[in-house]
Amino acid sequence: MREPVFVGGTGRSGTSRMNKVLGSHRDVHAIHWESRFIVDPGGLEDAARVLTIGYEPYAADDALRRLAFLLGRRVSGRSMEAFRGWGLVDELGPDRYWAAVDELFAALTWYEFHERVPQGPHQERHLPGEAKVNRRVVGRYFADRGELLAILRRFVSALFEPVTVAAGKTTWVEKTPFNVLSVPFLWELYPGARFVHMIRDPLSVVASHLHQPWAPRTLDDVVSWVEPVYRRLLDQRPALAADPRYIELRLEDAAADWPAERLRLLDHLGLPDDPAMLGFDTGPVRHRDDQLSADDRRRVLDRLSDVRDELGY
C-alpha cells in the first residue's frame, strides 16, 4: 500500500473538491466522509500528547473518555450535534469500525478501577439511584512515543486500507479541512504521506462561510472565526513549504489551467498522470466574487489584507 495523501485548508477553500478529484484517479481511493477522529479535539493527536509528554493518570483517564465519545458518539453520528447522521462508520463498514475501536482501546488502556463516590454534603447516605462508584479507565503511559504512534497508525490503516483494496486502488486520500493545522502530527503518523494544502482567496472563503449552516452568521464573526486559522497557517507555512511532502494548490489556478496543475500535483504525489480525472471548473470557483458588497470587502480587508497579500492575492 502506497503512503496516503491528506488534504486540508481553511474550510470553503476547495478541499472537498480536491478529495473528490483525487479519488477519481485510477490509483487513489477517496474517503468520502471526513474522519474527524485524527485531528479534532479529543482525537488521536490529543491522545498522543496526553499519553506521552502530557501524561498523568487523571489526564489519561480524561483523554480516553474524550476519545471514546468522539469515536463512539460523534463519528458514529449518535450525538445530538452537527455530526448527527455522520456516515463514516457505514462507509468503512460497522463491523470493521467497531472491531478496530475495540482493538485500539485494548492497546491504550493500562487498567481500570472503581473509586468510591462520597455522599453529598449534609447527606447521611447516598440518595436512591445515586452512583456509589465511578469507573476509572487509566490510559497507558508511553515513554516511547514511536510505540504509541505505531498503535494509532495501525488503527487508521485498519479502517482505511480494506476499503482502498476493495476499490482496487493502491492508496487513499483523506480530507478534513483543519488537517492543515496538524501537518506535523500527520507526518508522525505516516512519515511518507503527502499533504495537499488548498488555498482560496480569503474574500471568497469568508463569503462562502456566510452561507454554511455550521458557520457564524455575521460577517464580523466569520472573520473572527477564520482569522486565527490564517495566522497559524502563516506561522507554520515557511517550515511546511520547505518540506518536499507538502504542496500548495490555489483553487483559482486549478480552475484556470487544470491540465498544468494536474501534472504538477500528480508529480508531487508520485502518481502517474490520469487525464480521465475530474477537474475544477471556473464557475463554482468564482461564483462568490460578487457576493460581498464594497463595504463588506473593506471590512474583511481591514483584518485580512496582509493574509491575502501573503497568499498571493
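Quickly run through segment 259-286 and pick out the residues that are farther than 30 Å from residue 192 by Cα and more than 26 Å from the chain's Cα centre (by Cα). Full working, then the answer.
To start, the set of residues in segment 259-286 that are farther than 30 Å from residue 192 by Cα comprises 281-286.
Residues satisfying the conditions are 282, 283.
Identify, please: which residue in segment 259-276 is of a type outside the set (A, V, I, L, M) and within 25 Å of residue 205 (Cβ to Cβ) and is, among those, surrounded by the most Cβ atoms within 10 Å (Cβ to Cβ)?
Going through segment 259-276, the residues of a type outside the set (A, V, I, L, M) turn out to be 259, 261-262, 264, 267-268, 270, 272-275.
Filter once more, keeping what is within 25 Å of residue 205 (Cβ to Cβ): 261-262, 264, 268.
Numbers: 261: 18, 262: 21, 264: 15, 268: 17.
The residue in question is 262.
For segment 77-97, which positions are closer than 30 Å to residue 132 by Cβ and either open to solvent by less than 80 Å² (accessible area, probe 1.4 Å) or among the hydroxyl-bearing types (Ser, Thr, Tyr) (or both)? I'd like the intermediate steps shown before the answer.
If we filter segment 77-97 for residues that are closer than 30 Å to residue 132 by Cβ, which is where we start, we get 78-80.
Result: 79, single match.
How about segment 222-258: which of its residues are open to solvent by 50 Å² or more (accessible area, probe 1.4 Å) and touching a Gly at 6+ places or on another chain (Cβ under 8 Å)?
The answer is 245, 250.
Would you pick out the residues in segment 159-185 that are open to solvent by 40 Å² or more (accessible area, probe 1.4 Å) and part of a helix (DSSP H, G or I)?
161, 162, 165, 166, 178, 184
So for segment 70-77 (the condition being assigned to a helix (DSSP H, G or I) and of a type in the set (A, V, I, L, M)), does at least one residue qualify?
Initial filter on segment 70-77 (assigned to a helix (DSSP H, G or I)): 70-74.
Now drop any that are not of a type in the set (A, V, I, L, M), which leaves 70-71.
Looking for residues that are assigned to a helix (DSSP H, G or I) and of a type in the set (A, V, I, L, M), one finds at least one in segment 70-77, hence yes.
Somewhere in segment 243-257, is a residue more than 20 Å from residue 19 (Cβ to Cβ), in contact (Cβ under 8 Å) with a residue 60 or more places away in the chain and charged (D, E, K, R)?
Step one: filter segment 243-257 for residues more than 20 Å from residue 19 (Cβ to Cβ), giving 243-244, 256-257.
Now narrow it down to the ones that are in contact (Cβ under 8 Å) with a residue 60 or more places away in the chain: none.
No: zero hits.
What residue, of 192, 279, is surrounded by fewer than 17 Cβ atoms within 10 Å (Cβ to Cβ), touching a helix residue (DSSP H, G or I) at 6+ places or on another chain (Cβ under 7 Å) and small (Gly, Ala, Ser)? Give the derivation first.
Working: 192 fails: touching a helix residue (DSSP H, G or I) at 6+ places or on another chain (Cβ under 7 Å).
Unique residue meeting the criteria: 279.
Within segment 87-107, identify whether any single residue is at pLDDT below 95 and in a loop (DSSP other than H, G, I, E, B), and answer yes or no.
So far as segment 87-107 goes, yes, one or more of its residues are at pLDDT below 95 and in a loop (DSSP other than H, G, I, E, B).
Which numbered condition trips up residue 41, out of (1) out of contact with any Leu (no Cβ under 7 Å at 6 or more places or on another chain); (2) in a loop (DSSP other than H, G, I, E, B); (3) of a type outside the set (Lys, Arg); (4) crowded, with 16+ Cβ neighbours inside 10 Å?
Result: residue 41 fails condition (4) only.
For segment 111-163, give me each residue that is more than 28 Å from residue 71 (Cα to Cα) and in contact with a Leu (Cβ under 8 Å, 6 or more places away or on another chain). Explain how you work it out, then say what you get.
Here is the first cut: in segment 111-163, the residues more than 28 Å from residue 71 (Cα to Cα) are 118-129.
If the condition is that a residue be more than 28 Å from residue 71 (Cα to Cα) and in contact with a Leu (Cβ under 8 Å, 6 or more places away or on another chain), then 120 is the only one that fits.
Give the number of residues within segment 240-258 that are under 20 Å from the mean Cα position of the chain (by Cα) and assigned to a helix (DSSP H, G or I).
Total satisfying the criteria: 3.
Return the residues of segment 12-38 that are open to solvent by 10 Å² or more (accessible area, probe 1.4 Å) and small (Gly, Ala, Ser); say none if nothing qualifies.
Listed by number, the residues that qualify are 14, 16, 23, 24, 30.
Restricting attention to segment 116-158, and to residues there that are part of a loop (DSSP other than H, G, I, E, B) and within 25 Å of residue 39 (Cα to Cα), which single residue is least open to solvent (accessible area, probe 1.4 Å)? Full working, then the answer.
Step one: filter segment 116-158 for residues part of a loop (DSSP other than H, G, I, E, B), giving 117-132, 140-144.
So of that shortlist, the ones also within 25 Å of residue 39 (Cα to Cα) come out as 140-144.
On the way: 140: 67, 141: 123, 142: 4, 143: 87, 144: 88 Å².
If we take residues in segment 116-158 being part of a loop (DSSP other than H, G, I, E, B) and within 25 Å of residue 39 (Cα to Cα), then 142 is least open to solvent (accessible area, probe 1.4 Å).
The values are calculated or read from the model by the stated rules, or taken from the named source; none is laboratory data. Keep in mind that what you see is a predicted model, and the values were worked out from it rather than measured. Methodologically, a virtual Cβ is constructed for each residue, glycine included, from the backbone with ideal geometry; neighbour enumeration extends over all protein chains shown. Heavy atoms of the whole protein, side chains included, go into the accessibility calculation; ligands, DNA and RNA do not. Shrake-Rupley method; radii C 1.70, N 1.55, O 1.52, S 1.80 Å.
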